[in-house]
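Data first, discussion second: the structure below is written as structure tokens.
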Amino acid sequence: MAMLWKFMRVAKYSKTALSSKVKVRGIPTHSRHSSSKSAPSDFGASAPCSNTVELLGKSYPLDDYSNVTEKILSKVGKNLHNRKHHPLWLIKEQVKEHFYKHYLGRRGTPLFSVYDGLSPVVTVQQNFDSLLIPQNHASRRKEDNYYLNRDHMLRAHTSAHQWDLIHSGLDAFLAVGDVYRRDTIDSTHYPVFHQMEGVRLFSCHELFSSIKDGEGLQLFEQGHRTAHKQECHTMEAVRLVEFNLKQVLTKLMTHIFGDGLQVRWVDCYFPFTHPSFEMEINFQGEWMEVLGCGVMEQQLVNSAGAQDKIGWAFGLGLERLAMILYDIPDIRLFWSEDERFLKQFIGPHIWQKVKFQPLSRYPPLINDISFWVPSETYSQNDFYDLVRTIGGDLIEKVVLLDEFAHPK
């Protein structure tokens, strides 16, 4: 059997609090030698000698799909987005305040309800099936997710709660929480990050009531799916929903980043929305993608019990916005317990202007490592998990420099 040889480079720092002036452009690496038997593709949970893993007061049986690591399990329950004065909390509170202030119901109370304490443990059905993600879709792979077992996982997105919240009767809500994805190691990627999900549903009356002579307009028709609409939606309904979605998000980003913000929309694909868009903003002369959104797939809305309504959804990353707004250079800093980092974000109100000040300047330590891996079962994310388990947040970046497959 041919064996694959990997040559990796790992960069690490002696402190997790990094200076914005200390950057490794492409070369943090780890290497080790192993045979095909000593480089397993799965890693144990918190109790590697047990058949179960205990998490948030519940017990989950392990099986051949279990791949969550002890390092990742240690992050569950930290809830950085709910820690007062943390930069992720500030972003969450800014978005929440904006929606509470600008979108009111008939009685003058906030239209959007906020859920920021939902369990990150979800079923595979919640994370994928409820969102119409096909069984063979790449996003389901073990290489990209943290599975407790074949039935349960750590949510890969806050969209996992869409169906349940709509099914409970909600028409407008924000869901905030930590999400988990196996990923590369660099200054902008981390296996745990935080998302905010927004959903708004409209009845026929709510959507068309402000339109002159709109009494005869309808939400649904039996038509054909095009690049601009779903087969069951009328073009009038889709245009209004899309206009409302883009207007809401443009106002939100302008509120956060300031007046005069340039925005552009890029067509894209998501399994649970159509049409779908990515929003980009021009911040300090650079275009940056900040969120994804779209008109919700009617099949999802119908299955959740809201057959007479049409809606939009968006998802944004709190770390992404905080890194841009506060000029934070490394995503690992959000997990820092260093008071010099956390005190920078304590202020009299959530809108206080903050620019991150570097804490220290430690030179990088670069290690080159080579090792053999089993060609059939190896995933690059397996190695990233191993590095994070052993090196923790000291590891800034891992880069594959070379690989070699032995012909024998």
### Message
Take the residues in region 330-341 that are touching a residue at least 60 places away in the same chain (Cβ under 8 Å) and under 20 Å from D178 (Cα atoms); name whichever of them is most open to solvent (accessible area, probe 1.4 Å).
### Response
W335
#### Entry: Criterion (open to solvent by less than 30 Å² (accessible area, probe 1.4 Å) and on the phi < 0 side of the Ramachandran plot) met by exactly one of H228, H255, H224, H233
H233
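Please determine, by comparing only the residues of region 307-323 that are open to solvent by 10 Å² or more (accessible area, probe 1.4 Å) and in contact (Cβ under 8 Å) with a residue 60 or more places away in the chain, which one is farthest from R200 (Cα to Cα). Reasoning before the result, please.
Restricting attention to region 307-323, the residues satisfying the condition of being open to solvent by 10 Å² or more (accessible area, probe 1.4 Å) are 307-309, 315, 317, 320, 323.
Within this subset, residues satisfying the condition of being in contact (Cβ under 8 Å) with a residue 60 or more places away in the chain are 308-309, 315, 317, 323.
Values: D308: 13, K309: 10, G315: 12, G317: 18, M323: 27 Å.
Applying the filter and picking the extreme gives M323.
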#### Entry: Pairs, first within 23 Å of D129 (Cβ to Cβ) and of a type in the set (G, A, S) in region 260-276, second in a strand (DSSP E or B) and open to solvent by 70 Å² or more (accessible area, probe 1.4 Å), C-beta under 7 Å, six or more apart
S276/Y269
### Task
Kindly check whether there is at least one residue in region 287-297 that is within 27 Å of F243 (Cβ to Cβ), in contact (Cβ under 8 Å) with a residue 60 or more places away in the chain, open to solvent by less than 20 Å² (accessible area, probe 1.4 Å) and of a type in the set (V, I, T).
yes
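Only one of R150, R155, R181 is under 16 Å from the mean Cα position of the chain (by Cα), open to solvent by 20 Å² or more (accessible area, probe 1.4 Å) and basic (K, R). Can you tell me which?
On the way: R150 fails: under 16 Å from the mean Cα position of the chain (by Cα); R155 fails: open to solvent by 20 Å² or more (accessible area, probe 1.4 Å).
Only one candidate passes the filter, namely R181.
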### Task
Might you let me know whether region 264-272 holds any residue that is buried (at least 17 other Cβ atoms within 10 Å of the Cβ), aromatic (F, W, Y) and either under 14 Å from L316 (Cβ atoms) or in contact with a helix residue (DSSP H, G or I) (Cβ under 8 Å, 6 or more places away or on another chain) (or both)?
yes
### Summary
When region 204-219 is checked residue by residue, the ones that are closer than 26 Å to L316 by Cβ and open to solvent by 30 Å² or more (accessible area, probe 1.4 Å) are E206
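The values are calculated or read from the model by the stated rules, or taken from the named source; none is laboratory data. Keep in mind it's a predicted model, so treat the numbers as computed, not measured. Cβ: placed from backbone, ideal geometry, glycine included. Neighbour counts: every protein chain shown. Surface areas here come from the heavy atoms of the whole protein model, side chains and all, with no ligands, DNA or RNA. Shrake-Rupley method; radii C 1.70, N 1.55, O 1.52, S 1.80 Å.
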